[in-house]
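Structure record follows, encoded as structure tokens.
The values are calculated or read from the model by the stated rules, or taken from the named source; none is laboratory data. Everything quoted here is computed from the prediction, not taken from an experiment. Here the Cβ is made from the backbone with ideal geometry for all residues, glycine too, and neighbour counts use every protein chain on show. Keep in mind that these areas ignore ligands, DNA and RNA; they rest on the heavy atoms of the full protein, side chains included. Shrake-Rupley method; radii C 1.70, N 1.55, O 1.52, S 1.80 Å.
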Amino acid sequence: MSGFFNTDIGIVVLTVLKSLALMVPLLIGVAYLTYAERKVLGAMQMRKGPNVVGPFGLWQPFADALKMMFKETIIPSGASRALFVIAPVITFTLAVAAWVVIPVNNHWAIANINVGILYLYAISSLGVYGIVIAGWASNSKYAFLGAMRSAAQMVSYEVSMGFVIVTVLVCVGSLNLNDIVLAQRHIWFAIPLLPMFVIFFISGLAETNRSPFDLAEGESEIVAGFFVEYSAMSFALFFLGEYANMILVSAMTTVLFLGGWLSPLPFAPFTWIPGVFWFILKILVCLFVFLWVRATLPRYRYDQLMTLGWKVFLPLSLLWLVVTASFLEIFGLLPHA
């Protein structure tokens, strides 16, 4: 069997199996994240949330998916049909493609490439195209305004996220995500790089258009933003893409700052617990904070959103990058790739 996997066909089969082993749990996780969000929001607002379909409402995500599959996809008469259909596919595909380089355990990644962090940053930067295309192709002023808001928002916060990532790379000396996790064996980067950790996570909220930065879909002034004209499965792909991006940002936060699959309790009797368990647990904690923020914070004004990105996060992340690099250089701790 090992000889088969060394052939060209075997490599393709192995890659497909790896992809399925990652994609199936991811899609199930995306489905149940929608259920978890409604349950958490319900608990925080003193109501029950989904509780009818199945025990404790556990079959609700499948009921929602079934409903979406059988609804009619309506394309506005003035819309650019090809782009209108392609936009949600781009958004969802990019959200899924980024997981190729995420290591869920030591060397457990579909593609353990040496420039994994650059691949992640490139994929996250491309995410804005699906939203802009959707807003333009819908031929609606509300959708177009939402797309412009989202594009400006994502571009603005990508700059500070870039400086945060560079700071981590300066500390590690490698672009490989596996190496970044292993560099946190003694101390998670969330402790020495606490300001960058906070900036990265809040920027992740803005990148995924989540509360309190959901200006792109501000219902109170632009109905529903860039996907106001979408319905059925095309709407579902945008919906799934948003939640897949939430899980992706949580995974990136875990890899860059929370030690990835490394145990927070490196002593017996916790050493037998597999790394995948710790990786998933840390992602769930980050996702809970996503939901907690949505339940408690009001939406920012647009000028506040831009001010926070350009006048607070950008100077602070640049300053901390310089301070970190200077500290490592002065004390001879600067790693060499």
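Criterion applied to 98, 109, 65 was being over 30 Å from residue 178 (Cα atoms), in contact with a helix residue (DSSP H, G or I) (Cβ under 8 Å, 6 or more places away or on another chain) and surrounded by 14 or more Cβ atoms within 10 Å (Cβ to Cβ), and the one residue passing it is 65. Residues that are in contact (Cβ under 8 Å) with a residue 60 or more places away in the chain, among the hydroxyl-bearing types (Ser, Thr, Tyr), open to solvent by 10 Å² or more (accessible area, probe 1.4 Å) and more than 20 Å from residue 248 (Cα to Cα): does the stretch 159-179 have at least one? Yes: the stretch 159-179 contains one or more residues that are in contact (Cβ under 8 Å) with a residue 60 or more places away in the chain, among the hydroxyl-bearing types (Ser, Thr, Tyr), open to solvent by 10 Å² or more (accessible area, probe 1.4 Å) and more than 20 Å from residue 248 (Cα to Cα).
Answer with yes or no whether residue 51 is part of a loop (DSSP other than H, G, I, E, B), touching a residue at least 12 places away in the same chain (Cβ under 8 Å) and surrounded by fewer than 18 Cβ atoms within 10 Å (Cβ to Cβ). It is false that residue 51 is part of a loop (DSSP other than H, G, I, E, B), touching a residue at least 12 places away in the same chain (Cβ under 8 Å) and surrounded by fewer than 18 Cβ atoms within 10 Å (Cβ to Cβ). The selection criterion, being within 17 Å of the chain's Cα centre (by Cα), under 16 Å from residue 127 (Cβ atoms) and among the hydrophobic types (A, V, I, L, M, F, W, C), holds for residue 213. Of the residues making up the stretch 184-205, not a single one is at positive phi and surrounded by 21 or more Cβ atoms within 10 Å (Cβ to Cβ). For the residues 15, 91, the requirement of being of a type outside the set (A, V, I, L, M), open to solvent by 50 Å² or more (accessible area, probe 1.4 Å), part of a helix (DSSP H, G or I) and in contact (Cβ under 8 Å) with a residue 60 or more places away in the chain singles out 15. In the stretch 302-328, the residues that are over 23 Å from residue 150 (Cβ atoms) reach residues that are part of a helix (DSSP H, G or I) and among the hydroxyl-bearing types (Ser, Thr, Tyr) with C-beta atoms within less than 7 angstrom, at least six apart or across chains, in these pairs: 320/167; 321/167; 324/167. Within the stretch 231-249, the presence of at least one residue that is closer than 30 Å to residue 88 by Cα and not in a helix (DSSP H, G or I) is confirmed.
Could you tell me whether the stretch 112-121 includes any residue that is assigned to a helix (DSSP H, G or I), open to solvent by 10 Å² or more (accessible area, probe 1.4 Å), in contact (Cβ under 8 Å) with a residue 40 or more places away in the chain and in contact with a helix residue (DSSP H, G or I) (Cβ under 6 Å, 6 or more places away or on another chain)? No, the conditions are met nowhere in the stretch 112-121. Every condition in (1) under 27 Å from residue 128 (Cα atoms); (2) assigned to a helix (DSSP H, G or I) holds for residue 210 except the one numbered (2). In this entry, residue 125 passes the filter for residues that are part of a helix (DSSP H, G or I), surrounded by fewer than 17 Cβ atoms within 10 Å (Cβ to Cβ) and either polar (S, T, N, Q) or in contact (Cβ under 8 Å) with a residue 60 or more places away in the chain (or both).
Scan the stretch 207-217 and give yes if some residue there is under 15 Å from residue 300 (Cβ atoms), out of contact with any helix residue (DSSP H, G or I) (no Cβ under 9 Å at 6 or more places or on another chain), surrounded by fewer than 24 Cβ atoms within 10 Å (Cβ to Cβ) and at pLDDT below 85, otherwise no. Checked the stretch 207-217: no residue is under 15 Å from residue 300 (Cβ atoms), out of contact with any helix residue (DSSP H, G or I) (no Cβ under 9 Å at 6 or more places or on another chain), surrounded by fewer than 24 Cβ atoms within 10 Å (Cβ to Cβ) and at pLDDT below 85. Restricting the stretch 279-295 to residues that are out of contact with any helix residue (DSSP H, G or I) (no Cβ under 6 Å at 6 or more places or on another chain) and open to solvent by less than 80 Å² (accessible area, probe 1.4 Å) leaves a set whose member that is nearest to residue 197 (Cα to Cα) is 289. Checking the stated criteria, residue 327 turns out not to satisfy the condition of being open to solvent by 60 Å² or more (accessible area, probe 1.4 Å), under 19 Å from residue 28 (Cβ atoms), at pLDDT below 90 and assigned to a helix (DSSP H, G or I).
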